[in-house]
Amino acid sequence: MDVLNTSGFPQIGVASGFVACLSTVALAALAACGSRSPASLDTRPALPPALTQQTLPADTIATIVDPIIRRALTDEGIPGAAFVFVQGDRVVYAQGYGMADRERGVAVDVARTVWPVASITKLFTGVAALQLVDRGELAIDREINLYLRRIAVPAEGYPPITLAHLLSHTAGLDELPGRQFDPSKGPRLSLAEFLKDRLVRYREPGLYTAYSSYGIALVAVAVEDISGLAYEEYVRERILEPCGMDSSWFMQRPGDEKGVATPYEIDDDHAVPVAYEWYVTTPTSSLVASAPDMARFAMLHLANGRCGGQQVLRESLAQAMMTQQATIHPALPGWGYAFQLDVDNGRQLAEHGGDIAGFSSLLTLIPQERSAFFIVNHGEGHDLRFRVKRALLDALYPEPEPRAVPKANPARTPSLREYAGRYRSSLACHTCGDVDRDQDFELTLRSDGTLELWGQQWVPLERDLFVRADGERLLGFARDKAGRVAVVSGGSWRVADRLPE
């Protein structure tokens, strides 16, 4: 599926050929430098001198990242991976690991290997829509139906849905199953035709966040209807080409998988080849790209909408993508426009992950440090990306001051009963008769005055806000109009709705 799942240290030297690559400008030179391949990827102005002097050396990144990824490949059966770290307008470090196709003996080439990025595709859809806002052809706060030509969002007794709702994942459209298709059985439906009878509303827009592939797919229909271009053509002409992303395309029809890394699932630390996953909703899940291309896309955001010497998105709109637009609780990170937000080690992060058959990926931006990284590896739902993220943040941007955790008070136990109960992930279908009960879970009340959720203990800080026992994360609740606990969130897409008792 195309959503983000949760679930000893030797020094690695840096080859002299890699250091020589640091001065290269073109991708051809990048490729010639072998697997480790940083390069200048566009012609934006140099960074301010203060930041330039603080540029991280490549061997610093290699020392952090390489041991973790190489050990995962050896110990956990992952065939291959790619990683790239960006600071400002340059790639500091890029590396390929293992095999892109184990059976055919094709090694990962960090400059050339193309990977499915799954739900990270949604960020491109967000940029595309905001480009139309920038041009005055689409408004962020007007009813989306005003811009749709081929389909319409049904009212169903709810207020209108806007682009802001769709991009901040607050539209209240249900996540129906069935977005995949089999390309061997014929061409896919057009996006508008597919969505025509599948826009199902289950609550008022703007109330709560809930990860929504259907919402982002609807944004893409608006892009098509306004621009007169197919979504994939629009993105190619107005994002990929201006940013020099020459090794990126969408998997829409048989043949599009050629040149893409082979998908593998990891079963008991063994890699098993699986089929590619194809989606009718290509704007939510179907981009494939090389690691250097994803570095270019990261640079677009670090430079506030500028890439390839062009301002492809107005600066204020680029910043809005990385600025909180909606959340379940004010103390928790929520959503920008298309970006998932996080706070870690005191830094604001804008990111998106992806999972699709055979692959896991993560793009993380750290705007205040003007740095970013992208990682992709075999194995859907694998947590290697999160281990790499943790190591990078702790080594490069350590926590300035740990959050204090109050002592649990058993006397508070009775007052916490309203939080306990059954919850259902916002990723589940809410209107389907055969809801996957695996998306349901229990939040329990402990006798020591704390909550237990996801196998973790949460200590109360204030009404509707808790801190994990290790002080690393927050848990927040939202209430309905009657004042009852309605939603719980661990931040961003980690949201679940309270089920009736």
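The set of residues in segment 342-367 being over 14 Å from TYR397 (Cβ atoms), of a type in the set (A, V, I, L, M) and in contact with a Gly (Cβ under 9 Å, 6 or more places away or on another chain) consists of ALA350, LEU362, LEU363. Look at LEU443 and say whether it is open to solvent by less than 10 Å² (accessible area, probe 1.4 Å), assigned to a strand (DSSP E or B) and more than 29 Å from TYR337 (Cβ to Cβ). Spelling it out, LEU443 is indeed open to solvent by less than 10 Å² (accessible area, probe 1.4 Å), assigned to a strand (DSSP E or B) and more than 29 Å from TYR337 (Cβ to Cβ). Residues of segment 466-492 that are over 21 Å from PRO402 (Cβ atoms), open to solvent by less than 50 Å² (accessible area, probe 1.4 Å) and modelled with pLDDT of 95 or more: PHE477, ALA478, ARG479, ASP480, GLY483, VAL485, ALA486, VAL487, VAL488, SER489.
The single condition among (1) surrounded by fewer than 20 Cβ atoms within 10 Å (Cβ to Cβ); (2) farther than 21 Å from PHE339 by Cα that VAL459 does not satisfy is (1). Here LEU363 passes the criteria (1) in a loop (DSSP other than H, G, I, E, B); (2) in contact with a Phe, Trp or Tyr (Cβ under 6 Å, 6 or more places away or on another chain) except the one numbered (1).
Scanning segment 413-440 for residues that are in a helix (DSSP H, G or I), out of contact with any Gly (no Cβ under 6 Å at 6 or more places or on another chain) and either of a type in the set (S, T, N, Q) or surrounded by fewer than 18 Cβ atoms within 10 Å (Cβ to Cβ) (or both) gives PRO414, SER415, LEU416, ARG417, GLU418, ARG437, ASP438, GLN439.
Scoring ASN304 on the criteria (1) under 22 Å from GLY96 (Cα atoms); (2) open to solvent by 30 Å² or more (accessible area, probe 1.4 Å) leaves a single failure, condition (1).
Would it be correct to say that LEU499 is of a type in the set (A, V, I, L, M, F, W, C), closer than 18 Å to ASP174 by Cβ and loosely packed, with under 15 Cβ neighbours inside 10 Å? Full working, then the answer.
Details: of a type in the set (A, V, I, L, M, F, W, C): yes; closer than 18 Å to ASP174 by Cβ: yes; loosely packed, with under 15 Cβ neighbours inside 10 Å: yes.
When the stated conditions are applied, LEU499 passes them.
Checking segment 473-489 against the condition returns no match, with no residue being in contact with a Phe, Trp or Tyr (Cβ under 7 Å, 6 or more places away or on another chain) and hydroxyl-bearing (Ser, Thr, Tyr).
Residues GLN324, GLN319, GLN340: which one is among the polar types (S, T, N, Q) and either under 14 Å from ALA372 (Cβ atoms) or open to solvent by less than 10 Å² (accessible area, probe 1.4 Å) (or both)?
On the way: GLN324 fails: either under 14 Å from ALA372 (Cβ atoms) or open to solvent by less than 10 Å² (accessible area, probe 1.4 Å) (or both); GLN319 fails: either under 14 Å from ALA372 (Cβ atoms) or open to solvent by less than 10 Å² (accessible area, probe 1.4 Å) (or both).
Answer to the check: GLN340.
Please state which one of ASP225, ASP256, ASP197 is open to solvent by 10 Å² or more (accessible area, probe 1.4 Å) and within 21 Å of HIS430 (Cα to Cα). Residue meeting the stated conditions: ASP197. The set of residues in segment 202-223 being assigned to a loop (DSSP other than H, G, I, E, B) and among the aliphatic types (A, V, I, L, M) consists of LEU207, ALA210.
Checking the structure you have, find out if any residue of segment 272-284 is touching a Pro at 6+ places or on another chain (Cβ under 6 Å) and buried (at least 24 other Cβ atoms within 10 Å of the Cβ). No, every residue in segment 272-284 fails to be touching a Pro at 6+ places or on another chain (Cβ under 6 Å) and buried (at least 24 other Cβ atoms within 10 Å of the Cβ).
CYS243 satisfies every condition listed in (1) touching a Ser or Thr at 6+ places or on another chain (Cβ under 9 Å); (2) open to solvent by less than 10 Å² (accessible area, probe 1.4 Å); (3) under 30 Å from GLY334 (Cβ atoms) except (1). At least 3 residues being open to solvent by 40 Å² or more (accessible area, probe 1.4 Å) is the threshold, and among the helices (runs of 4 or more DSSP H) wholly inside segment 54-167 those reaching it are 58-76. Of everything listed in (1) open to solvent by 10 Å² or more (accessible area, probe 1.4 Å); (2) out of contact with any Cys (no Cβ under 8 Å at 6 or more places or on another chain); (3) closer than 22 Å to PRO367 by Cα; (4) not β-branched (Val, Ile, Thr), the single unmet condition for ALA230 is (3).
Checking the conditions here, which among GLU418, GLU462, GLU452 is under 28 Å from the mean Cα position of the chain (by Cα), acidic (Asp, Glu) and modelled with pLDDT of 95 or more?
Working: GLU418 fails: under 28 Å from the mean Cα position of the chain (by Cα); GLU462 fails: under 28 Å from the mean Cα position of the chain (by Cα).
Result: GLU452 is the single residue among GLU418, GLU462, GLU452 that is under 28 Å from the mean Cα position of the chain (by Cα), acidic (Asp, Glu) and modelled with pLDDT of 95 or more.
The values are calculated or read from the model by the stated rules, or taken from the named source; none is laboratory data. These numbers were taken from a predicted model, which means no experiment stands behind them. Note: ideal-geometry Cβ built from the backbone for every residue, glycine included; neighbour counts use all protein chains shown. The area values use the complete protein model at the heavy-atom level, side chains included, leaving out ligands, DNA and RNA. Shrake-Rupley method; radii C 1.70, N 1.55, O 1.52, S 1.80 Å.
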